[in-house]
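Working notes for the structure below.
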Amino acid sequence: MLGLLFAQVPSSLGAEDDLSPPRPASETVDFERDIRPIFERACIDCHGPEKQKSGYRLDSRNAALNGGDVSAPNIRPGDSAGSPLIRFVAGLDTDLRMPARGEALSTEEVNRLRAWIDQGAVWPESASPPTPDPLDWWSLKPLARPACPPVSEAGWVRNPIDAFVLARLEEHGLSPAPEADRRTLIRRLSFDLLGLPPAPAEVEDFVNDPAPDAYARLVDRLLASPRHGERWARHWLDVVHYGDTHGYDKDQPRPNAWPYRDYVIRALDEDKPYGRFVREQLAGDVLYPGTEDGIVALGFIAAGPWDLIGHAEVPETKVDGQIARMLDRDDMVANTLTTFCSTTVHCARCHNHKFDPIQQVDYYRLQAVFAALDRADKSYDPDPALAQQRAALDRRLHRIKARKQDLDAVLTAAGGPELNALDQAIAAARDRAKTGQRAEFGWHSAIESAPDTVKWVQVDLGEPVAIAAVEYVGCHDDFNGIGDGFGFPPRFKIELSDDPEFHDDVRLLADRTEADAPNPGVKPQRIEAAGGRGRFVRITATRLAPRQNDFIFALAEVRVFDQEGRNVALKATVTASDSIEAPPRWSRINLVDGYAYGAGESDASKETGAELERRRSEWVAANVPAELLASLETVRREQQETEAAIAALPPPRKVYAGTVHSGSGSFRGTGAEGGRPRPIHVLARGDVRQPRDEVRPGTLPFIPGTPDEFGLPNPHPEGARRAALARWVTDPRNPLTWRSIVNRVWQHHFGRGLVDSPNDFGRMGQAPSHPELLDWLASEFVARGGSLKDLHRLIVTSATYRQASVVSLDALEQGRRIDVDNRLLWRMNRRKLEAEAVRDAMLAVAGKLDLTMGGPGFQDFVVEKPEHSPHYQYHLADPNDPSLHRRSIYRFLVRSQPQPFMAALDCADPSMSVDRRNQTLTALQALALRNDRLVIALAAAFAERLTAESTDAGSRIERAFRLALGRPATPDEREALTGYARQHGLPNACRVLFNLNEFTFVD
Amino acid sequence: MNNSPYHRLPPGPPGFSRREFLWRSGGGLGGLALTGLLHSQGLLAGEPDAGQIPANDPSRAFVYPPKARRVVQLFMAGAASHIDLFDHKPALKQRDGQPWDPGETVELFQDGHGATLASPWEFRPYGQSGKWLSEIVAPLGAVVDELAFVHNLVGKTGVHSQATLLQATGFNTPGFPGMGAWVSYGLGSMNENLPTFVVLPDRRGFPSNGAKNWDAAFLPAQHQGTLVRVGAPNPIEALHPPDTGFITGAGEADGLSIMREINREHAAQRPGDERLEARIRSYELAARMQLAAPEALDLSGESPKTLERYGIDPTTRQWPKEINAAEEMDRFGRKCLTARRLLERGVRFVQIWSGCDNGFPRRNWDSHEDIERDHGPLALGFSKGAAALILDLKERGLLEDTIVLWTTEFGRMPCAQSGRGRDHNPFCFTNWLCGGGIRPGVTHGPSDEWGYKPADRANPTQVYDIHATMLRLLGFDHTRLTFRHNGIDRRLTDVHGKVIEPLLA
């Protein structure tokens, strides 16, 4: 059965052997009668409203005559023989036969098609379905503020939200639930607004507060708490898919991502107007220059995963490198449109959007907005004064350098050919010195945890050779700031032998094993061998060189010279006790490749740079006018002073952001071109190998009267593109932005949005349950200047929000009969707490919550093997380590290895935009809540707290209920748990409380 | 009714329609059982909002008589060389050391374009089918007539991370469910006391992208692969509490009983919220899993003959630091035997990894420097266990409805890199499948004389085709097994995929 072949044989047309198409029919062809039935039977499934394979469809005249990715136009009126469509359906094209599936066209049908085309391919306009208005969709209609509807039970209405909700309830014969009791309300508000349970004293104060404004004051107090920003920032970070590692291969950490996370918390706490919040994240550097927030907010653009290898190891000249960068921009585009506009634009990467009015060209216009950017660390000064000072010094330095250039030009002109020759020689010498770091660093041993491991490397000369000398050169690697002499062992010896094992007949050429020798850096070291004979030269380190917290042996080059002075080691075979083999940098073959760092300088036939510089100074002093010399000296001094002043400033901070990157190697970025955006083309089927027309930056055609292209002047700075997009997103006329955000806020107060697909307001998403309420909220939000805190206040003070989740059995029965989903909100939804709220609540209840705000995330794992692909080992972290007891928003988020406890509780996946959490109830979740080491540790801490705060067993259990559940224990509960604690210990009783349904659900 | 802990949940809470809640939270009962339930209650047809959620209804896709019920995926991380294992190329030997020129510009990942490199291993034919195999996968010779080879797989890029994701999830960016998650979503559980989708990682660590390869992504979390670290002291995370001194068996039982009572009282005061009852049950199922999982993972009752067949060394021994065949066999064999025990007990999908991430010294198949050094032990290691698993499944009558799929990230180049290694080849590589309705003993889609690209470049096989074929054998139309996420009806096969009919028995 070997080599079974399955060539697809199309059903025969009877014209298989004939290379010309069948003859056309002679009578007049009518499209509706003769042609459309063929298309509908054989073509429309793949080339119609459902699918447009190869970007081609046969259900509308324009698309059929002009469209298609591959061979458009596929129908050439008057020329059936030249129409690709005929070639495909007649089976004349061996690569492409149509239809790909199903029965082929009969000869008669092909003839009919030919005749139709030859007769001019008449396709009456009336035969095409009417094109629906692409903007005729609820979310794309202009935002208008609806009037409050009339209701009969007006007494229930606390604010306009209630009128909209009640009107729908009354329409369906439903009535709202009574208001929840105060104990329920304060727990609900605390978790909603802060993500933490209320303290027992806060509960009692509120329950006993007789003032009519007690509720309003509670809301104000909670909204003013810094815990509020921490709570709601998590919702935002879910959507923007923020993480602290890159993801993909190696999943390296991103140590400077957190300033963006802190920015979101700060913005929410400060109630930054939403429009500004959005604009800062897309173009804060351009629109709000000189502000810290304007820079760190750009972390939004870089929040998602990044393919390190696809960028750092593959240049943009390769297809794989282009794909990696195209996918990287795709993530930026999708993040922007999904987050701010609840629009799924990325379908249009490969084809026009099937459901929403988004063309491929629109999508690539959006890619053009980000075409200059990469994800990288961006430096900034948080102190505006310092930023100004640095900018002023940078400008000054720039001026000085320009002046120096002018003076140098004068000097060059005055100096003539002699000076010119010297300058060229100096430049060449500098190049020689600099070309060092080529990619091939040298040979590198395995990494050891102690210095006293013996390691060797040896060269096989192929046959015994009489040796004059051995030369060796140290490496250069900036790792850990080491530089020259990287990996050079403080103790070593050099030996010669004919025995590859170096057991017999070993001749010692150099012995530095008794005491630590100074590191020679990258300067070649020569050992005379006085004609000793041997086939193998071995260098053995008896003490390894320190690296970070570990030890290695590395060498750049070994040369072995014979009596004629030839390097006989060049390209010889190298063996070693071990080798990390990380080519191109580190490989055994690099040891004898004839290249070492700074090799140019050692070339004895050339003058060194220093010698040339000295000759040049002598020449200048002798030949250049004193006045010019003085000016040159002034400029040199000024440059030195300015550079020193810059160096004296505190170092700038860094944020991982979308930025113009100036890099080296494969990951160069656009910095070297001054941030000029990469050209962006429409890509047929999203394939980088099939570029079509180049596009200019622009956006979606969703605001009537605004152009899809930004129409920026040429040339323009790249930031102008982002600024234009930011303005479009936050345009008060943008139909999506304002509806999107009020819906997200609503969702987190009620458990589901008015639109239940918060990331998608398109035709594949859900329709709003209360379209007028959504529009009223969005309009009100815009009118109030985009204050999120006002929006929260409006929602949580409504009677709708204050409803009980528990209703009478009658009301339940009626509600479920009429509206089983509770879409109409005839009561409050009971909500299951997210992973973060569960963890934070346990920490708070146990008395262990550390409320330190901001800064680098806490790492509840131990990193192993950091040098290649870090292994994030959660099970090695100490659950009692107080530095891990901060709020969950500050957890360091690893993309490739999710935290097991948080993942079991459905925490968000930072590799994708999460608009609403999954809510599962699985056995693994139960196991995590019972057995996770942090839960156990906190149960013990909770017990200690209770023991310290209360004296007897009964009151400890009572206190435990008030802390964990915000209510007193019932007599039965108190008795049961007191007995249990007596028998099995208070920590186990605390564990029971952590695992109760009531701990995880909020009424 | 099936009450799996992973496929949980009775009808939904207030605030969500019952059906929607079920699908959003994972269906719970396993797609098919659930669909039956919904049909029996008239929920699929009669509700006012019918038509809003069917995108997330896997039963729509279950349209073929299923041939298979279980899947094992053997995944070689780092990219295993097809031309040194399964795709015999005499031309490489004939022209060993000569310049390699396929007649077009070759874009290599690391520019490792050396001379033509013969495989360091001999090939010879095996079985009735006469399929040529390399000596380092010789153990597979015993089952070669069960296997169906596909030699013209093509990838999208030569970047490890993207390629791993593509083979594991059908997409080359993160954020998509692993194929095991899709199978779990589609078919649900056969044993409520064990996970539906189990991942057996390499002992040395995770492959590129880590858990993203077996993530549930937007599918509900119970479809995510559950890690089982074979041979580790705690093979399943949090299955048992750590040793703290205050947790005892009696205390656990009493605690669960008190919890249940308080939870029942709490639920009774809140009628109509089935989540509360479901959560109570999840604790009972967790307790059952605490008994079922250790039993399933315990190899001590297996006979010496079985252990030997799987290449397992029953003695506890210290392994050398360097990569070696005996250790690879032992470790991989243990995973294969564990897989058989899990499959027997109703686990749907087992994913077994050979090799982990890219580092030095090599701990996966990414042999840029020296094919012989890494591929030799890794290949002997996996092929011994894989052959034993196939034979064992066959003897137990399980192979007929279990698909075994061998895959990797991409292939490796016919030319040398660094003398004895090979660079990435995303343009051509091999998969093989067997069991579960796969036609045995066939070879489909040859590669060219070098193993550089498919022989028929216009008609390569893609991962989508493999996935479509697998889903077909499980009973699904791959174009209809969808889940709506952020406005897109997502599929394992994206918008591609053709069932490879010649591979169907």
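The values are calculated or read from the model by the stated rules, or taken from the named source; none is laboratory data. Computed from a predicted structure; not experimentally measured. All Cβ positions, glycine included, derive from the backbone under ideal geometry; neighbour counts span all protein chains shown.
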Any residue at all in the range A:860-880 that is part of a strand (DSSP E or B), within 14 Å of chain B (Cβ to nearest Cβ) and among the acidic types (Asp, Glu)?
yes
Being without any contact (Cβ under 8 Å) to a residue 40 or more places away in the chain, farther than 21 Å from B:Pro201 by Cα and surrounded by fewer than 24 Cβ atoms within 10 Å (Cβ to Cβ) is the filter here, so list the residues in the range A:897-926 that pass it.
A:Asn918
Of everything in the range B:439-464 that's of a type in the set (Gly, Ala, Ser) and facing chain A (nearest Cβ under 9 Å), which residue is surrounded by the most Cβ atoms within 10 Å (Cβ to Cβ)?
B:Gly445
Exclusive hit being in contact (Cβ under 8 Å) with a residue 12 or more places away in the chain, within 13 Å of chain B (Cβ to nearest Cβ) and in contact with a helix residue (DSSP H, G or I) (Cβ under 9 Å, 6 or more places away or on another chain), set A:Arg839, A:Arg891, A:Arg831:
A:Arg831
Leading residue by the ranking (surrounded by the fewest Cβ atoms within 10 Å (Cβ to Cβ)) among those in the range A:466-501 that are touching a Ser or Thr at 6+ places or on another chain (Cβ under 8 Å) and part of a loop (DSSP other than H, G, I, E, B)
A:Pro500
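Residues to consider are A:Gly698, A:Gly663, A:Gly705; find the one that is farther than 29 Å from A:Gly762 by Cβ and not hydroxyl-bearing (Ser, Thr, Tyr). Before the answer, list the steps.
Numbers: A:Gly698 fails: farther than 29 Å from A:Gly762 by Cβ; A:Gly705 fails: farther than 29 Å from A:Gly762 by Cβ.
Exactly one of A:Gly698, A:Gly663, A:Gly705 is farther than 29 Å from A:Gly762 by Cβ and not hydroxyl-bearing (Ser, Thr, Tyr), namely A:Gly663.
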Go through (1) more than 21 Å from A:Val239 (Cβ to Cβ); (2) within 14 Å of chain B (Cβ to nearest Cβ); (3) in contact with a Gly (Cβ under 6 Å, 6 or more places away or on another chain) and name the single condition A:Pro357 misses.
(3)
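What tally of residues in the range B:181-209 results from selecting those that are free of Cβ contacts under 8 Å to residues at least 60 places away in the same chain and within 8 Å of chain A (Cβ to nearest Cβ)?
1
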In the range B:310-361, the residues that are among the acidic types (Asp, Glu), in a loop (DSSP other than H, G, I, E, B) and more than 30 Å from A:Gln252 (Cβ to Cβ):
B:Asp313
Somewhere in the range A:916-927, is a residue modelled with pLDDT under 95, more than 7 Å from every other protein chain (Cβ to nearest Cβ) and farther than 25 Å from B:Ala292 by Cβ?
yes
Any idea how many residues of the range A:790-838 are part of a helix (DSSP H, G or I), over 42 Å from the mean Cα position of the chain (by Cα) and not aliphatic (A, V, I, L, M)?
6
Return the residue satisfying two criteria in turn: it lies in the range B:241-275 and is in contact (Cβ under 8 Å) with a residue 40 or more places away in the chain and within 7 Å of another protein chain (Cβ to nearest Cβ), and of such residues it is surrounded by the fewest Cβ atoms within 10 Å (Cβ to Cβ).
B:Gly272
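Here is a check on your reading of the model: is A:Gly665 more than 20 Å from A:His398 (Cα to Cα), under 40 Å from the mean Cα position of the chain (by Cα), at pLDDT 90 or above and outside the structural domain of A:Phe479 (by TED's automatic domain parsing)?
Judged against the criteria, A:Gly665 is not a match.
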Pair list, Cβ < 7 Å and 6+ apart or interchain, from the range A:758-769 residues that are part of a loop (DSSP other than H, G, I, E, B) to residues that are surrounded by fewer than 24 Cβ atoms within 10 Å (Cβ to Cβ) and β-branched (Val, Ile, Thr):
A:Met764/B:Ile488
Scan the range B:176-191 for residues that are assigned to a loop (DSSP other than H, G, I, E, B) and buried (at least 24 other Cβ atoms within 10 Å of the Cβ) and jot them down.
B:Phe176, B:Pro177, B:Gly178, B:Gly188, B:Ser189
The range A:670-719, subset in a loop (DSSP other than H, G, I, E, B) and of a type in the set (Asp, Glu), residue nearest to A:Thr343 (Cα to Cα)
A:Asp708
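Quickly run through the range A:309-343 and pick out the residues that are part of a loop (DSSP other than H, G, I, E, B), out of contact with any Ser or Thr (no Cβ under 7 Å at 6 or more places or on another chain) and either more than 9 Å from chain B (Cβ to nearest Cβ) or over 20 Å from A:Ala723 (Cα atoms) (or both).
Scanning the range A:309-343 gives A:Glu316, A:Thr317, A:Lys318.
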Quick check on this structure: which one of A:Ala976, A:Ala960, A:Ala948 is in a helix (DSSP H, G or I), aliphatic (A, V, I, L, M) and in contact (Cβ under 8 Å) with a residue 12 or more places away in the chain?
A:Ala960
Give the number of residues within the range A:87-105 that are over 13 Å from A:Cys43 (Cα atoms) and either of a type in the set (A, V, I, L, M, F, W, C) or surrounded by 16 or more Cβ atoms within 10 Å (Cβ to Cβ) (or both).
5
I need the full set of residues from the range A:156-166 which are farther than 20 Å from A:Arg817 by Cβ and either aliphatic (A, V, I, L, M) or not in a loop (DSSP other than H, G, I, E, B) (or both), in order please.
A:Trp156, A:Val157, A:Pro160, A:Ile161, A:Asp162, A:Ala163, A:Phe164
Based on what the data block shows, is B:Ile247 β-branched (Val, Ile, Thr), over 20 Å from the mean Cα position of the chain (by Cα) and either at positive phi or not in a helix (DSSP H, G or I) (or both)?
yes
Against the conditions (1) more than 12 Å from every other protein chain (Cβ to nearest Cβ); (2) under 27 Å from B:Asp366 (Cβ atoms), where does A:Ala257 fall short? Just the number, please.
(2)
Subset tally (residues that are in contact with a Phe, Trp or Tyr (Cβ under 6 Å, 6 or more places away or on another chain), part of a helix (DSSP H, G or I) and within 8 Å of another protein chain (Cβ to nearest Cβ)) for the range B:135-164
1
Note on the range B:399-422: residues over 28 Å from B:Gly475 (Cα atoms) and assigned to a strand (DSSP E or B) are B:Gly411, B:Arg412, B:Cys415, B:Gln417, B:Arg420, B:Gly421
From B:Gln167, B:Gln222, grab the single residue that is modelled with pLDDT under 90, buried (at least 23 other Cβ atoms within 10 Å of the Cβ) and outside any loop (DSSP other than H, G, I, E, B).
B:Gln222
Those residues of the range A:955-1000 which are within 7 Å of chain B (Cβ to nearest Cβ) and aromatic (Phe, Trp, Tyr), in sequence order:
A:Tyr980
